[in-house]
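A short write-up of the structure that comes next.
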Amino acid sequence: MTCKACDLACHRIGKHRNGLLRFRCPQCKRTYTEAHTRTLDSMYISQDKAVLALQLLIEGNSLRSTQRITGLDINTLMSLLVRAGERCQSLMDAKMRNLTLKNIECDEIWTYVGKKARHVRNFDSP
């Protein structure tokens, strides 16, 4: 890393509390921290935790159970889902072009949502 003010090579002086390397300029004594790596756009969660959360959600876990297992906030999980979905969509749009298909297999998830009747009716009696 080079100092932005002096344009000199900085020396390593240890690590920041989040594990990133720290550097100090030998001339002006300014300190710098290496750049943060972001998992998806502006998210600071670790890649391992993001992958675990997405795997749990893909396997059918609820948002609340994924929140309890990973320790992430539910809003973070929702944002992670949206960003991962957008990345998948852009990958599919970029890679799947001019395909000639003979057979297509589509799997669907069917869910039945029922509502209990307020009044029980006896349909056998007139």
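Assuming GLU86 fulfils every condition listed in (1) surrounded by 14 or more Cβ atoms within 10 Å (Cβ to Cβ); (2) free of Cβ contacts under 8 Å to residues at least 40 places away in the same chain; (3) not in a loop (DSSP other than H, G, I, E, B) apart from one, which condition is it?
Among (1) surrounded by 14 or more Cβ atoms within 10 Å (Cβ to Cβ); (2) free of Cβ contacts under 8 Å to residues at least 40 places away in the same chain; (3) not in a loop (DSSP other than H, G, I, E, B), the lone unmet condition for GLU86 is (1).
Residues in region 39-74 that are of a type in the set (S, T, N, Q) and either outside the structural domain of GLY85 (by TED's automatic domain parsing) or modelled with pLDDT under 90 (or both): how many?
4
What are the residue pairs meeting all of these: first residue in region 100-114, first residue assigned to a loop (DSSP other than H, G, I, E, B), second residue modelled with pLDDT under 75, Cβ atoms under 7 Å, and 6 or more apart or on different chains?
none
Please work out which one of (1) in contact (Cβ under 8 Å) with a residue 12 or more places away in the chain; (2) more than 23 Å from MET1 (Cα to Cα) is the condition ARG30 fails and give its number.
For ARG30, the failing item is (2).
Looking only at region 75-126, count every residue that is β-branched (Val, Ile, Thr), within 30 Å of ASP41 (Cβ to Cβ) and at pLDDT 70 or above and tell me the total. Let's see the steps before the verdict.
Taking region 75-126 first, the residues β-branched (Val, Ile, Thr) are 76, 82, 100, 104, 109, 111, 113, 120.
Then drop every residue that is not within 30 Å of ASP41 (Cβ to Cβ), which leaves 76, 82, 109.
Still in the list and also at pLDDT 70 or above: 76, 82.
Qualifying residue count for the region: 2.
The values are calculated or read from the model by the stated rules, or taken from the named source; none is laboratory data. What you see is a predicted model; the values in this text were computed from it and never measured. Glycine also receives a Cβ, built like all others from the backbone with ideal geometry; neighbour counts cover every protein chain displayed.
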